[in-house]
Amino acid sequence: MPEQRINLGLIGWPLDHSLSPRIHQAALQELGLAGRYCLYAIEPNHIQDVAILDLLEHVAAGEIDGLNVTLPYKQTVVPLLAALTPSAECIGAVNTIYMENGLLTGDNTDAAGFQNDLQQLPVEKHTPALLLGAGGAARAVLFSLLKAGYSVGVAARNLLQAQELAHSFNAIANTPVEVLPLEKNALSQISRKIGLLVNATPLGMSPDTETCPWPEDLALPLHACVYDLVYNPVDTLLVRRACQAGLPARSGLGMLVEQAALAFERWTGYTAPRAVMRQAVQDACEPRIRQTSQRKIK
Ligand code: NAP
């Protein structure tokens, strides 16, 4: 019998710097599985949906075992699928596609990936959380925090976007999501209360590694744990500032690995080799200092 090949891939644009092939190839190799992870770069234009539908047909036909979806298509694919997991439905965005019970199904593993990796920080249960940014990743993080029972504030430069985000999760929020501008004055007023600070803006990401979403001339919240979704570099400026202030902090590398691991498990049924996947992606990130602060709050 011919060896079964596992065909995986990623839809998005642009995909030049995607680390997903490294992570998934490493997992396939570690488990001795034959297969490949292809990049399907689909340029946003009037025929983008035709290209996406064509790939989805390959999934439905069993020729592709699983797809990841990244910017700008996480919301575009939603109406093209036959079923959504409850979290994908509530978030309104999909990053993982596969066949389940004969149905083309979409899941969002960013939310669970974030939640699983957040466990690595000594965050006090239900402490007030502040989320910076109101884009796609913020949706998954907000869902995850609200489901876990946190009260959450969202600070963004685009207040309308933040209000829409907050509004779309009203139904699952125990307390209404507070919205504020991502500005020094507003942040300084609530800083004292924050127990968890999460960055979901791209500030700090390579090549702009000296940018930081928290104002330079404002001290970080005194008692907060800090989670930065940015993972390249692993030691973002925000994580370095948190370390200097003695705050427990973590960059998004763990979330990246975890969301990939959860997708890999959906597609293959195997337990994902997380340590190998992490090593594969860590080798591709900069800079060389790759320690994440795990110090306790003083
Ligand atoms: P996105 O949909 O483009 O949203 C980015 C958000 O950040 C928007 O609210 C945007 O506001 C805001 N923003 C952008 N530049 C800003 C600036 N200079 N100052 C203030 N706000 C700014 O992107 P995304 O998909 O949410 O991704 C955000 C970051 O999370 C990226 O760095 C991405 O790599 C990272 N991420 C990590 C993981 C992981 O697994 N670790 C997963 C997903 C995403 P405007 O709308 O006003 O531009």
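The values are calculated or read from the model by the stated rules, or taken from the named source; none is laboratory data. This is a predicted model, so every value here is computed, not measured. A quick note on method: Cβ atoms are made from the backbone with ideal geometry, for glycine too, and the neighbour counts reach across all protein chains shown. Accessible surface areas use protein heavy atoms only, side chains included; no ligands, DNA or RNA. Shrake-Rupley method; radii C 1.70, N 1.55, O 1.52, S 1.80 Å.
With respect to being modelled with pLDDT under 95, more than 30 Å from Ala148 (Cβ to Cβ) and polar (S, T, N, Q), Gln4 fits the description.
Checked against the criterion of being under 25 Å from Glu124 (Cβ atoms), near the ligand (Cβ under 9 Å from one of its atoms) and in contact with an Asp or Glu (Cβ under 8 Å, 6 or more places away or on another chain), region 236-253 has at least one qualifying residue. Of the set (1) away from the ligand (no atom under 14 Å from the Cβ); (2) open to solvent by 40 Å² or more (accessible area, probe 1.4 Å); (3) part of a helix (DSSP H, G or I), all apply to Leu160 but (1). For Ala260, only one of the following conditions fails: (1) open to solvent by 10 Å² or more (accessible area, probe 1.4 Å); (2) outside the structural domain of Leu131 (by TED's automatic domain parsing). What is its number? Every condition holds for Ala260 apart from (1).
Taking only region 112-130 into account, find how many residues are within 28 Å of Met277 (Cα to Cα) and more than 10 Å from the ligand (Cβ to nearest atom).
Step one: filter region 112-130 for residues within 28 Å of Met277 (Cα to Cα), giving 112-123.
Within this subset, residues satisfying the condition of being more than 10 Å from the ligand (Cβ to nearest atom) are 112, 115-116, 118-123.
Residues meeting the conditions: 9.
No other residue among Leu142, Leu182 is within 14 Å of the ligand (Cβ to nearest atom) and open to solvent by 10 Å² or more (accessible area, probe 1.4 Å) apart from Leu182.
Is at least one residue of region 38-47 at pLDDT 95 or above and under 17 Å from Val281 (Cβ atoms)? Yes, region 38-47 contains at least one residue that is at pLDDT 95 or above and under 17 Å from Val281 (Cβ atoms).
The single residue among Gly153, Gly136 that is at pLDDT below 95 and within 16 Å of the ligand (Cβ to nearest atom) turns out to be Gly136. Every test in (1) modelled with pLDDT of 95 or more; (2) under 20 Å from Tyr227 (Cα atoms); (3) assigned to a loop (DSSP other than H, G, I, E, B) is passed by Leu33 save one, and that test is (2). All of Ser188, Ser206 fail the test of being among the small types (Gly, Ala, Ser), open to solvent by 20 Å² or more (accessible area, probe 1.4 Å) and away from the ligand (no atom under 14 Å from the Cβ), apart from Ser188.
How many residues are among the polar types (S, T, N, Q), open to solvent by 30 Å² or more (accessible area, probe 1.4 Å) and under 23 Å from Gln25 (Cα atoms) when one looks only at region 60-88? Matching residues across region 60-88 total 1. Please tell me if Val94 is in contact (Cβ under 8 Å) with a residue 12 or more places away in the chain, open to solvent by 30 Å² or more (accessible area, probe 1.4 Å), out of contact with any Cys (no Cβ under 7 Å at 6 or more places or on another chain) and of a type in the set (Val, Ile, Thr). Considered against the rule, which asks whether it is in contact (Cβ under 8 Å) with a residue 12 or more places away in the chain, open to solvent by 30 Å² or more (accessible area, probe 1.4 Å), out of contact with any Cys (no Cβ under 7 Å at 6 or more places or on another chain) and of a type in the set (Val, Ile, Thr), Val94 comes out as no.
Listed here are the residues, each with its yes/no results for (1) assigned to a loop (DSSP other than H, G, I, E, B); (2) buried (at least 19 other Cβ atoms within 10 Å of the Cβ); (3) not charged (D, E, K, R); (4) not assigned by TED's automatic domain parsing to the domain that holds Met277.
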| residue | (1), (2), (3), (4) |
| --- | --- |
| Leu10 | no, yes, yes, no |
| Asp16 | yes, no, no, no |
| Ile23 | no, yes, yes, no |
| Ala26 | no, yes, yes, no |
| Gln29 | no, no, yes, no |
| Leu39 | no, no, yes, no |
| Asn45 | yes, no, yes, no |
| Val50 | no, no, yes, no |
| His58 | no, no, yes, no |
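Residues being without any contact (Cβ under 8 Å) to a residue 40 or more places away in the chain and within 20 Å of Ser18 (Cα to Cα) are entirely absent from region 212-222.
Here the condition is being farther than 30 Å from Ile64 by Cβ and more than 20 Å from the chain's Cα centre (by Cα); of Pro233, Pro221, it holds for Pro221 alone. Pairs are defined by a Cβ separation below 7 Å, a sequence spacing of at least 6 or placement on different chains, a first member in region 242-262 that is over 18 Å from Asn232 (Cα atoms) and touching a residue at least 60 places away in the same chain (Cβ under 8 Å), and a second member that is assigned to a strand (DSSP E or B) and open to solvent by less than 20 Å² (accessible area, probe 1.4 Å); the pairs so defined are Pro248/Cys225.
Each residue in region 209-234 was checked for being within 10 Å of the ligand (Cβ to nearest atom) and either of a type in the set (Phe, Trp, Tyr) or open to solvent by 40 Å² or more (accessible area, probe 1.4 Å) (or both), and 3 pass.
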